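Chemist: Structure in structure tokens, see below.
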Amino acid sequence: MPKFCPECGTPLQSINAKFCPECGTGLIQGTLTPIATAGTQIQPSTDDDWSKPIDWSEEEYPEEVTPSPVNAYELGTKLEEIVDSIYQAEGYKTERRVRMPGQGGYTNEIDVIARRRKEQVAIECKNFTSAVGIKEIRDFSKKLDDLGPGWRGVFAAFNDFTLDAQNFAESRNIETLGHEDIMEKWFAVSAGRVSRQGERLTLRSALSIKSDYLMVTTLPLQNKHLVEVSSARLTFHPYVKVPYTFKARVYDPTKKLHRFSDDGTVVIDLLDGKVLNKQAKKGGSILNSLSSSKQSADNVQTLKTFREVMDFSPSPEYSITIGSDYQITELKPEVTKRTVERATIEYITARNTQDMAYTPAKGDVILDIRHRKFVPRRSDIKLFKSEMVLVPKWAIYFNAFGTIYTKEVFAHSGTVLENTIQYCPQHFKLGAINVKKETTAVCEVCGKAYCSEHISQCPVCGRWVCSDHASVCSSCGKTFCKEHASKICRGCHQPLCSDCEVECPICHKPYGANHTLICDKCGAAVCPSCITTSGLLRKTRICKNCQ
Ligand SMILES: [Zn+2]
Ligand SMILES: [Zn+2]
Ligand SMILES: [Zn+2]
Ligand SMILES: [Zn+2]
Ligand SMILES: [Zn+2]
Ligand SMILES: [Zn+2]
Ligand SMILES: [Zn+2]
Ligand SMILES: [Zn+2]
């Protein structure tokens, strides 16, 4: 037993001291101190039988998977390249870093441009370390406006979107490709598994389809029959639920016992080994809870996905017949069990790393409170039998008069992840989600969707038109399609509907009924150019014929 602490040099009084009273260093040789030093890397267990407590059968969780041509990490660093190849695989002709002259006279650089038949897609790629905020979406929206009509916008980000950004993008019909979307698309095209019509597909451990094709493709719009489905895909994405318990007993330098415990379930994405749980600390301070609430709002998609995996139980076997309306993709786990274990342990360790306070005493004198960082050890954590969950998700593209919309829905719960046709673009205000207004119909000229305030039905032909493609009759004030208020009043040069257009019996020119004046002599209804008004208090009108 040393006379001085090897760490800080404090003279040691007690021969049996297990810890230095000054700095807390463990003093007994050969005994592992339960307190790990800060920054200690958690080493994954290298035992070959680590799968035992986790109880995964080899069949469902192959230890060795053939490495993908691009792994999840590379997806992030090569985002632009990956997005480019996804679109190519989907039959688009692509170009990268294209400088496009805009209508406002500026030159816009577009990360990826994808063209297929009449479709023109401008794709912005952002590989941020945090979620994409509303500013980036607004900037991109301006860029799209500057490019002019006929362009569809897609924003690809490897770190998802904030709630504000997501809402704004939806209201502007900008498709957002987040972390999960990019991985799903990438693994779907690189796996090259094509489902054949009429085939029966049997899936293990999948959530059942409760929101079927008809439900997700039926839109609550007045003219929904004019919106067609341009493509539909049902993707089964693998996740795993890992239940755990954690228990630790630690003596602080004053020999007081501290107990730590925690239990729960960690949800891991089997495509890239990412943990879906919020990084909230147990017994965290106000500061911690603030940052965790910010994080949950920052990753809307992750939170919804976490709930989908946690709230429902998969069927051991689930069969579906492949129809002609949509493609089915079953994605296979891309990460090893070891990756899953490492991610789980890292999460539990970070979650339970906490401050341990103690009050040392020197004789009778009580010293100030000291702090030590408590870091869980691997042996304090037990992982239990885990369950894979295949989560089915619909990705639907709609085509309304050449305008393409995106809708993403979890097929089991019906939770909507993205729907760019649902909200009127005229109402979105920064940070005010409650002012979102549902759309009523699509304009039957441009295909843009608006709420009842911003779209109207032509009383003559019944077509729905937006304000850009409507004509308001200057006489009766009703809104028509351009075709049914196409006459121009000779008096005021404003549009007229056919009901309000009258012909002057004197000059035979068409004019609006609202301008009609009656001759005081013969009673004829004539246009303003064919009548003379005289008198100040009591006006007298005489038509050209009677003058
Ligand atoms: Zn010491
Ligand atoms: Zn329109
Ligand atoms: Zn509106
Ligand atoms: Zn009409
Ligand atoms: Zn009219
Ligand atoms: Zn007029
Ligand atoms: Zn006239
Ligand atoms: Zn007259």
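Chemist: Say each of residue 109 and residue 522 gets a label point 7 Å from the Cα, pointing the same way as Cα to Cβ; how far apart are those two points in nm?
Modeler: 7.4 nm
Chemist: Could you order 164, 145 by accessible surface area, starting with the largest, using a probe radius of 1.4 Å?
Modeler: Final ranking, largest accessible area leading: 145, 164.
Chemist: Leaving ligands, DNA and RNA out of it, work out the accessible area of residue 182 with a 1.4 Å probe and give it in Å² to the nearest 10.
Modeler: The accessible area of residue 182 comes to roughly 0 Å².
Chemist: When only alpha-carbon atoms count, how far does region 182-243 stretch along each of its three principal axes, as whole angstroms with the largest first?
Modeler: Taking the Cα atoms of region 182-243, the three principal extents are 46, 30, 28 Å.
Chemist: If you place +1 on the Cβ of every Lys and Arg, -1 on the Cβ of every Asp and Glu, and leave all else neutral, what size is the dipole of region 78-177 about its Cα centre, to the nearest 20 Debye?
Modeler: Roughly 360 debye, rounded to the nearest 20.
Chemist: How much length, in nm to one decimal, is gained on full extension between residue 189 and residue 486, taken as 0.36 nm per residue of separation minus their Cα-Cα distance?
Modeler: 102.0 nm
Chemist: Please compute the per residue accessible area over region 306-391 with all protein chains in place, 1.4 Å probe, rounded to a whole number of Å².
Modeler: The answer is 49 Å² per residue.
Chemist: Just subtract the alpha-carbon distance of residue 446 and residue 229 from 0.36 nm times their residue separation and send over the number in nm, one decimal.
Modeler: Here the segment from residue 446 to residue 229 would lengthen by 76.5 nm.
Chemist: I'd like to compare 118-128, 525-535, 354-364: which one has the highest average count of other Cβ atoms within 10 Å, and what's the full order after that?
Modeler: Put in order of decreasing packing, that is 118-128, 525-535, 354-364.
Chemist: Go ahead and run the numbers for FRET between residue 321 and residue 81, Cβ-Cβ distance against an R0 of 41 Å, rounding to 0.05.
Modeler: 0.65
Chemist: Given a 1.4 Å probe and the protein chains all in place, what does the accessible area of residue 367 round to, in Å² to the nearest 10?
Modeler: 50 Å²
Chemist: Convex hull volume of the Cα atoms in region 428-514, per residue, in Å³?
Modeler: Once divided by residue count, the hull of region 428-514 is 102 Å³.
Chemist: Mind ranking 394, 151, 186 by accessible surface for me, highest first, 1.4 Å probe?
Modeler: Listed by decreasing accessible area, they come as 151, 186, 394.
Chemist: Stokes-Einstein at 4 °C, 1.567 mPa s, Kirkwood radius from Cα pairs: D for region 78-177 in µm² s⁻¹?
Modeler: It diffuses with D of about 95 µm²/s by this estimate.
Chemist: Still on this model: Dipole size in debye (nearest 20) for region 428-514 around its Cα centre, Lys and Arg Cβ +1, Asp and Glu Cβ -1?
Modeler: Result for region 428-514 is approximately 220 debye, rounded to the nearest 20.
Chemist: Something else now. How much accessible surface does residue 181 have with a 1.4 Å probe, in Å² rounded to 10?
Modeler: 10 Å²
Chemist: Could I ask something else about it? For region 428-514, with every protein chain kept in place, what is the accessible area per residue (1.4 Å probe, Å²)?
Modeler: On a per-residue basis, 53 Å².
Chemist: On to the next question. For residue 377 and residue 99 in one chain, what is 0.36 nm times their gap in residues minus the Cα-Cα distance, to one decimal in nm?
Modeler: Fully extending the segment from residue 377 to residue 99 adds 94.7 nm.
Chemist: Using alpha-carbon pairs under 8 Å, 6+ residues apart, how would you state the relative contact order of region 348-463 in percent?
Modeler: 14 percent
Chemist: I've got another one for you. Would you rank 163, 147 by solvent-accessible area, highest first, keeping every protein chain in place and using a 1.4 Å probe?
Modeler: The ordering from most to least exposed comes out as 163, 147.
Chemist: Another question, then. Just round it to a whole percent: the fraction of Cα-Cα distances in region 333-462 exceeding 17 Å.
Modeler: In whole percent, the long-distance tail amounts to 77.
Chemist: Something else: Give, to the nearest whole percent, the P(r) tail of region 487-527 beyond 15 angstrom, counting all Cα pairs.
Modeler: Counting pairs separated by more than 15 Å, the tail of P(r) holds 34 percent.
Chemist: Quickly work out the residue 130-to-residue 362 label distance, labels modelled 7 Å from Cα along the C-beta direction, and quote it in nm with one decimal.
Modeler: 4.3 nm
Chemist: Taking 8 Å as the Cα distance limit and 6 or more residues as the minimum spacing, I'd like the relative contact order of region 424-547 as a percentage.
Modeler: For region 424-547, the relative contact order is 13 percent.
The values are calculated or read from the model by the stated rules, or taken from the named source; none is laboratory data. Fair warning: this is a prediction, and the values are worked out from it, not measured in the lab. As a convention, Cβ positions derive from the backbone with ideal geometry for all residues, glycine included, and neighbour counts pool all protein chains shown. Note: areas computed on protein heavy atoms with side chains; ligands, DNA, RNA excluded. Shrake-Rupley method; radii C 1.70, N 1.55, O 1.52, S 1.80 Å.
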